[in-house]
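Inspection log for the structure reproduced underneath, given as structure tokens.
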Amino acid sequence: MAVASTSDPLRIVVRGVNWLGDAVMSTPAVLRLRERFPKARIALLTQAKLAGLWTDHPAIDDVIALQPGESAWAVARRLRSQRFDLAVILPNSPRSAMEAFLARIPRRVGGRWPWRNWMLTDVVEAHPGAVAMHRREAAEIEAALARPNAPAHWGEALPPAAAHHVHQYLRLLRPLGGCVDPLPPSIGVSPTVLAETRTRFDIDPTRLWIGINAGAEFGAAKRWPVESFRAVVAGLVRRPEVGLLILGGPADVELAESVLPLDPGQVRVLAGKTTLPQLAAALKCCAVVVTNDTGPMHLAAAVGTPVLVLFGSTSPELTGPGLPGDPRHRFLRHEVPCSPCFLRECPADLRCLHGIPPERVLSVLREMNLRPQVSPSSS
């Protein structure tokens, strides 16, 4: 651990990222920042929708919520009034750098990115193992699929563990003298919220609960087909010891209801009914979560729950759950020439996800040897 100095900042603001999954992947950097500056008061500036993620985080003293439509000037005025010594800017956007620049925060640390470097005092280069998320053009995908015997994944080697996005945020600690060794992303769950969530949704801890997350906010190219999720749900409810938590945000309510079995007695539909802390608690109640590559996937892994992830347009090497190589988590993908493409919508036939059969998911769940949180005999 670095030794504290009399010149160390006393008031630090961290500009948080805007997506749930990215926020979870940034938690190792925030923990390392607290480790580097144990006496500082650290605030986190985040979108209001993500504020609940950080309220009880051990590395954060204050949460500043960005309101929808709030201008950079308005944000800067709020920051200026708190007289921060240091801003650590996690996103790459020009807007996030502008907020700290306009707030006249003396030291502003962020990654190199067009249109904003002059607003930073410390411009940090990409970490050595970084791999770009190259969005492919529709014409590229069509050409790859038209070639006979085209190799999977564009014929390119899969990225190494050092390419995972947790390193993207950790690198910002280098000019501050912080440790950049990775930690597993971690989010705590309040015992009070956990108990309230169990009571509200009748989640008996002696039952084997499996989470189902069929949504993906980024776009349809990340969503395993709804009929495939429905087949998995139908297979799981045949097991009397299993209960299902159907998860998702307000936009996923219709999708959640579309995967329900004819007899929903073993099922609890939580989609659109939970706050972010309650979602974290519900995920912690699960023995495993079957999910697309999306924010709740990262959150489940961060609260300690294994995940089984269906990957299509994205790369588990870059944005997989937890840290690379964590044996608790499993991911499935169908080897195709055009993945990853990192697109919101598939310009072809979504074969990367259609190629993962529900039977394979059910088989992997059986292999995972899942157990309830509390044994019925000990309750």
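The values are calculated or read from the model by the stated rules, or taken from the named source; none is laboratory data. The structure presented is a predicted model; accordingly, all values stated were derived computationally and were not measured. No Cβ is skipped: glycine too gets one built from the backbone with ideal geometry, and neighbour counts run over all protein chains shown.
Summary of computed values
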read-out: Selected residue (criterion: surrounded by the fewest Cβ atoms within 10 Å (Cβ to Cβ)) from residues of region 145-202 that are in a helix (DSSP H, G or I) and aromatic (Phe, Trp, Tyr); value: Trp154
read-out: The one condition in (1) modelled with pLDDT of 95 or more; (2) more than 30 Å from Arg34 (Cα to Cα); (3) touching a helix residue (DSSP H, G or I) at 6+ places or on another chain (Cβ under 6 Å) that Cys179 fails to fulfil; value: (2)
read-out: Residue match in region 249-271 (condition: in contact (Cβ under 8 Å) with a residue 60 or more places away in the chain and of a type outside the set (Val, Ile, Thr)); value: yes
read-out: Inter-residue pairs, beta-carbon under 9 Å, first over 30 Å from Gly312 (Cα atoms) and in the same structural domain as Thr294 (by TED's automatic domain parsing) and in region 191-216, second surrounded by 17 or more Cβ atoms within 10 Å (Cβ to Cβ) and among the aromatic types (Phe, Trp, Tyr), 6+ apart; value: Ile203/Trp209
read-out: Wholly within region 1-93, strands (runs of 3 or more DSSP E) carrying at least 3 residues that are at positive phi and of a type in the set (Val, Ile, Thr); value: none
read-out: Residue count, region 216-234 (criterion: in contact with a strand residue (DSSP E or B) (Cβ under 7 Å, 6 or more places away or on another chain) and closer than 22 Å to Arg344 by Cα); value: 5
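Yes/no per residue for (1) under 30 Å from Leu279 (Cβ atoms); (2) out of contact with any Leu (no Cβ under 6 Å at 6 or more places or on another chain); (3) surrounded by fewer than 19 Cβ atoms within 10 Å (Cβ to Cβ):
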site	(1), (2), (3)
Thr55	yes, yes, yes
Arg78	yes, yes, yes
Phe101	no, yes, no
Arg108	no, no, no
Ala126	no, yes, yes
Glu137	no, yes, yes
Glu142	no, yes, yes
